[in-house]
Each structure stands twice: as structure tokens, then as C-alpha cells.
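Notes follow the structure.
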Amino acid sequence: MPSVLVKALSDARSSLLGWMIGIGLLTAMYAAYFPSMRKPAMTEAMESYPEALKEAFNLHDMSTGAGYLQGTVFGLLVPLVVVIFTISVGARITATDEENGTLDLLLSYPISRARLVLERCGAMLVSTLAVSLIVLLMLVVVSEPADLGVAVDKLAGMTLHLAMLGLCFGALAMAVGCLAGRRSMVLAAAGAIAVVGYLGDSFAPQIENLQWMQHLSPFFYYDDGSPLKEGVQWANVGVLAAVTVVFLAAGTVAFQRRDVAV
């Protein structure tokens, strides 16, 4: 049997290409709109927004390239789309095959369960890096025409944060799939946690008794420290990496010990 990692990438090549094109176009579209945000009319409109709304969606500094990208490209749509992508990939690691009743055929090959899971997780890593790289590439291409004024190393640092956020939720989806064996349950559980995590990071800080919730959200470690202005926040990247490893280890162990549905 060929490498499980290569086989997983080959099977998903069309889907991955579609995601890369979609996310790349979304990134370029929002980044290219920056010059319009510097017009007086747009500036006045943004200043009229409620302070709570600007705090929740990082809309305080839309007149600079870094502030604009933080509030738009890296603030809401792109990270959520990347998270949706990695959750869908994580669900395919074991849960989709098990729900379809084809996992037993796959496991009949001379490969261990751990190898199957880890190599497919390797394919998820490659796919996530590919999607993140297209985001970086589109920003580099659009940066000069749109006069974003953000250094390439800062863009690369923010993209690294984006990749780690995606991998964290992809690993979560993989772990749920290894435990539950149902794609529908994976999508529901991981999707719900992603929504709660985003809301916890965006709105919990505005409620005095719920501020502690922000530190439980992967989105907090994704954008804390203003990576577009200050560069990579290695402590935050380390937290996301550690959580990802824990999910991967827990899922692998659970899959090795559980009777799978056939």
C-alpha cells in the first residue's frame, strides 16, 4: 500500500485546490478594499460604530494596513473559513470512513491504526499549511497595490498563527471522530466549540464576570499580542501547538483502544 499520507493528499487534491482558490480570492478581495477604508466618509462611518462592537471585532484602527487586516482578513471571515476547512479534514481522518462502513476495509491492509491516524494527520498538516500559504501569497501580491504597508515577516507571522489555529480545531475534530466514529457528531461538536470559542474571545472580555473565558478560547491565542504589528507571539503559538498535540495523542489512543463500527 502506498504511503497513507500521500494517498490522503491525492484523494483530497480537488477539494484542497477548491479551498485554496476560494480562501485566496476571499483574502485578496478584502485586502484590496483597504484604500477605500482610508476615505474620510468611511473613517467617519467607522468612528460612529459602538465602542463594544469595535472592541469585539478589532475595528479600532482601520486606517492602517495592519489594523485593517487584523479586523477583516484575519479578524473574522478567513480564520472561520480556515477552521471550517480543518474541521472537515479532521472529520475525514477516521469518522467519515467509519460512518460509511468502509473503515474495516482500510484496516484490513497491513497498517496499524496509529499509522493510519498519524499519517492522515500529516496530510491535514500539509493541507493546512497549503491553505495558509495561499493566504500569505495573496497578501504579498496585493500589499503594494493596496498600500497595506505591512512587512512580509509580519504577514508570515500572522499566517503562522492562522495555521496553528486551524490545526488546533482540525486536531479537535480528529479526536472527536476517533472517540465517536460519526462525522455528523464531529461537525456538530467541533463547530459548536469553534462558535463558542470565537464568541468567548470576542464578547466575554466585555462582561466582567466572564473575562476568564477568553483565556480558554484558541482564538485568544491566535490574535493576542497583535502579531501583524509585533510579529510572532511564540508563547501563544506554543499554547496552540501543545493543545493540538494533546488532541492528536488523545484521539490516537482512543482509536487504538475502541471497537470501530463496521
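The values are calculated or read from the model by the stated rules, or taken from the named source; none is laboratory data. Remember, predicted model here, so these are calculated numbers, not experimental data. No Cβ is skipped: glycine too gets one built from the backbone with ideal geometry, and neighbour counts run over all protein chains shown.
Evaluate the following for residue 232: is it modelled with pLDDT of 95 or more and under 18 Å from residue 166 (Cβ atoms)? Against the criterion (modelled with pLDDT of 95 or more and under 18 Å from residue 166 (Cβ atoms)), residue 232 does not qualify.
Within 25 Å of residue 134 (Cα to Cα), of a type in the set (Gly, Ala, Ser) and touching a Ser or Thr at 6+ places or on another chain (Cβ under 8 Å): does that describe residue 163? Walk me through it before giving the result.
Values: within 25 Å of residue 134 (Cα to Cα): yes; of a type in the set (Gly, Ala, Ser): yes; touching a Ser or Thr at 6+ places or on another chain (Cβ under 8 Å): yes.
Criteria met by residue 163.
For the range 61-80, enumerate the residues that are within 16 Å of residue 138 (Cα to Cα) and part of a helix (DSSP H, G or I). Outline the logic, then answer.
Residues of the range 61-80 within 16 Å of residue 138 (Cα to Cα): 65-66, 68-70, 72-74, 77-79.
Result: 65, 66, 68, 69, 70, 73, 74, 77, 78, 79.
Considering the conditions (1) buried (at least 16 other Cβ atoms within 10 Å of the Cβ); (2) modelled with pLDDT of 95 or more; (3) closer than 30 Å to residue 63 by Cα, residue 146 is excluded by exactly one of them, (2). Does at least one position in the range 66-86 carry a residue that is buried (at least 16 other Cβ atoms within 10 Å of the Cβ), touching a Leu at 6+ places or on another chain (Cβ under 9 Å), more than 20 Å from residue 198 (Cα to Cα) and not basic (Lys, Arg)? Yes, the range 66-86 contains at least one residue that is buried (at least 16 other Cβ atoms within 10 Å of the Cβ), touching a Leu at 6+ places or on another chain (Cβ under 9 Å), more than 20 Å from residue 198 (Cα to Cα) and not basic (Lys, Arg).
Here is a yes/no grid of residues against (1) free of Cβ contacts under 8 Å to residues at least 40 places away in the same chain; (2) under 27 Å from residue 69 (Cα atoms):
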{"residue": "91", "(1), (2)": "no, no"}
{"residue": "120", "(1), (2)": "no, no"}
{"residue": "136", "(1), (2)": "yes, yes"}
{"residue": "160", "(1), (2)": "no, yes"}
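Does residue 191 fit the bill of being part of a helix (DSSP H, G or I), crowded, with 18+ Cβ neighbours inside 10 Å, in contact with a helix residue (DSSP H, G or I) (Cβ under 7 Å, 6 or more places away or on another chain) and not aromatic (Phe, Trp, Tyr)? Against the criterion (part of a helix (DSSP H, G or I), crowded, with 18+ Cβ neighbours inside 10 Å, in contact with a helix residue (DSSP H, G or I) (Cβ under 7 Å, 6 or more places away or on another chain) and not aromatic (Phe, Trp, Tyr)), residue 191 does not qualify.
Yes or no, residue by residue, for (1) buried (at least 19 other Cβ atoms within 10 Å of the Cβ); (2) assigned to a helix (DSSP H, G or I); (3) at positive phi:
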| site | (1), (2), (3) |
| --- | --- |
| 195 | no, yes, no |
| 201 | yes, yes, no |
| 215 | no, yes, no |
| 255 | yes, yes, no |
| 260 | no, no, no |
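Counting only residues that are touching a Phe, Trp or Tyr at 6+ places or on another chain (Cβ under 6 Å), of a type in the set (A, V, I, L, M) and farther than 23 Å from residue 122 by Cβ, the range 165-200 holds 0 of them.
Scanning the range 9-29 for residues that are surrounded by 14 or more Cβ atoms within 10 Å (Cβ to Cβ) and either of a type in the set (Val, Ile, Thr) or modelled with pLDDT under 90 (or both) yields 23, 27. Picking from residues in the range 30-54 that are among the aromatic types (Phe, Trp, Tyr) and modelled with pLDDT of 85 or more, the one that is nearest to residue 125 (Cα to Cα) is 30.
Among the residues making up the range 88-109, those that are more than 18 Å from residue 9 (Cβ to Cβ) and either at pLDDT 85 or above or in a helix (DSSP H, G or I) (or both) are 95, 98, 99, 100, 103, 104, 105, 107.
Is it true that some residue in the range 233-241 is without any contact (Cβ under 8 Å) to a residue 40 or more places away in the chain, assigned to a helix (DSSP H, G or I), farther than 22 Å from residue 122 by Cα and under 16 Å from the mean Cα position of the chain (by Cα)? No, the range 233-241 has no match at all. Every test in (1) modelled with pLDDT of 95 or more; (2) under 13 Å from the mean Cα position of the chain (by Cα) is passed by residue 73 save one, and that test is (1).
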